[in-house]
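Read the structure below first, then the notes.
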Amino acid sequence: MVAPALLEIWVAEIGVVMGKTVVLEELLQGELIERVHASEFTRRRFIQDFFMRSKPLIIEGATADWKASSWTLDNVSQYIPDQSVSVRNKPDGVLFDANSMAHEAVDIPLHQYLHLLRSGKNETPMYLAQTNLAGLLSNPEIYAPRFKYLRRADYLLQTNVWIGTPGLATPCHYDFAHNFYHQICGHKHITLFSPEDSARLYPNPKIPAISLVDVASPDAEKFPDFKNTRPLQFVVGPGDSVFIPAGWWHYVASTYDNNISINQWYLRLWSRNTHQLKMIPPMIAHGVKHLLAARKR
Ligand SMILES: O=C(O)CCC(=O)C(=O)O
């Protein structure tokens with residue numbers, strides 16, 4: 001649980017990230033995400049109170065027994081072999097342009113990248129983003145096993161690692177899979193919006209899973225209805241796992257420390273969760289659109 005003084009610092013940081021001053025009271029007036037500790041939480045409760053209701057939450061301490069839970073910028077090169085990786089380095093730290101999807105990246109040996117981050121000599125914010133752990137390690141499940149709240153029948157689609165500097169932001173978007181986002185070291189600021197806010201987030205007409213609104217600095221003239229969204233904002237630190245249900249919009253930023261996160265996307269192929277059932281037609285439409293676009297190229 002975040003100590004109040006630290007929370008205030010983070011709130012001030014969020015104020016900077018969001019391009020406006022946010023005071024603690026304002027944040028506390030908004031909706032808060034529920035936080036539970038793994039020692040007092042069961043899979044049954046997860047399914048009933050969160051999964052079936054498509055409700056996000058933070059579980060603390062659920063990855064304490066993972067080998068990856070002790071990864072830091074100083075020791076991760078002992079576990080992940082050196083190899084060339086693609087690192088985002090857009091000068092403004094934004095992962096991609098929400099209009100065009102354009103991004104900038106360099107190929108660099110992983111250990112050199114980690115060394116650069118530790119030295120703090122990088123000239124731009126840098127991000128080894130959404131990198132499939134199975135592509136970096138031959139046995140990723142030893143370090144990041146199936147999450148304990150998953151069922152055997154749930155399909156673990158992909159486990160990604162994210163290693164970055166302060167000053168990064170991943171534009172607001174949603175995924176078709178359920179997401180467990182585990183903070184390993186450093187901190188991230190996360191802003192979530194429910195699927196009910198979709199129209200107020202002005203989806204990119206070409207890629208409807210991406211919002212055109214820059215959550216850090218929203219253009220009130222272009223996106224007047226954004227002010228009517230109900231964001232859930234919070235900071236995650238080491239040991240926190242966030243459940244982001246399929247279809248929930250998320251904007252993820254880092255402001256003041258180097259950080260490592262691991263996320264797991266999974267599909268529950270059959271479920272009475274009505275929201276997930278609603279996701280199936282857009283998911284198929286999205287897939288068909290991609291296939292058609294790929295055939296045209
Ligand atoms: O960590 C980030 O920067 C983005 C994470 C994200 O978008 C995801 O896990 O789906």
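The values are calculated or read from the model by the stated rules, or taken from the named source; none is laboratory data. Since the structure is predicted, the reported quantities are computational estimates derived from the model, not experimental observations. Virtual Cβ from ideal backbone geometry, glycine too; neighbours counted across all protein chains shown.
Overview of results
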| item | result |
| --- | --- |
| Qualifying residue in the stretch 42-59 (condition: away from the ligand (no atom under 16 Å from the Cβ), under 18 Å from the mean Cα position of the chain (by Cα) and modelled with pLDDT of 95 or more) | no |
| Complete set of residues in the stretch 54-99 that are more than 21 Å from ASP257 (Cβ to Cβ) and among the acidic types (Asp, Glu) | ASP65, ASP82, ASP97 |
| Matching residues, the stretch 199-217, being more than 16 Å from the ligand (Cβ to nearest atom) and at pLDDT 95 or above | ALA199, ARG200, TYR202, LEU212 |
| Near pairs, Cβ below 6 angstrom, 6+ apart or cross-chain, from the stretch 111-138 (surrounded by 15 or more Cβ atoms within 10 Å (Cβ to Cβ)) to any residue that is part of a strand (DSSP E or B) and of a type in the set (Val, Ile, Thr) | TYR113/VAL87; MET126/VAL87; LEU128/VAL85; LEU128/VAL87; LEU128/ILE163; THR131/VAL161; LEU133/THR159; LEU133/VAL161 |
| Selection count, the stretch 205-217, where residues are over 16 Å from LEU95 (Cα atoms) and crowded, with 18+ Cβ neighbours inside 10 Å | 0 |
| Scope the stretch 232-247; condition away from the ligand (no atom under 12 Å from the Cβ) and over 15 Å from LYS55 (Cβ atoms); matching residues | GLN233, VAL235, GLY237, PRO238, GLY239, ASP240 |
| Residue count, the stretch 64-95 (criterion: in contact with an Asp or Glu (Cβ under 9 Å, 6 or more places away or on another chain) and within 16 Å of the ligand (Cβ to nearest atom)) | 7 |
| Filter result for ALA177 (over 21 Å from PRO91 (Cβ atoms) and within 10 Å of the ligand (Cβ to nearest atom)) | yes |
| Matching residues, the stretch 119-149, being under 23 Å from GLU60 (Cβ atoms), of a type in the set (Ser, Thr, Tyr) and modelled with pLDDT under 95 | TYR149 |
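Yes/no per residue for (1) in a loop (DSSP other than H, G, I, E, B); (2) touching a residue at least 24 places away in the same chain (Cβ under 8 Å); (3) more than 18 Å from the chain's Cα centre (by Cα); (4) over 26 Å from VAL87 (Cβ atoms):
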| position | (1), (2), (3), (4) |
| --- | --- |
| ILE184 | no, yes, no, no |
| LEU192 | no, yes, no, yes |
| SER198 | no, yes, no, yes |
| ALA216 | yes, yes, no, no |
| ALA220 | yes, no, yes, yes |
| PHE226 | no, yes, yes, yes |
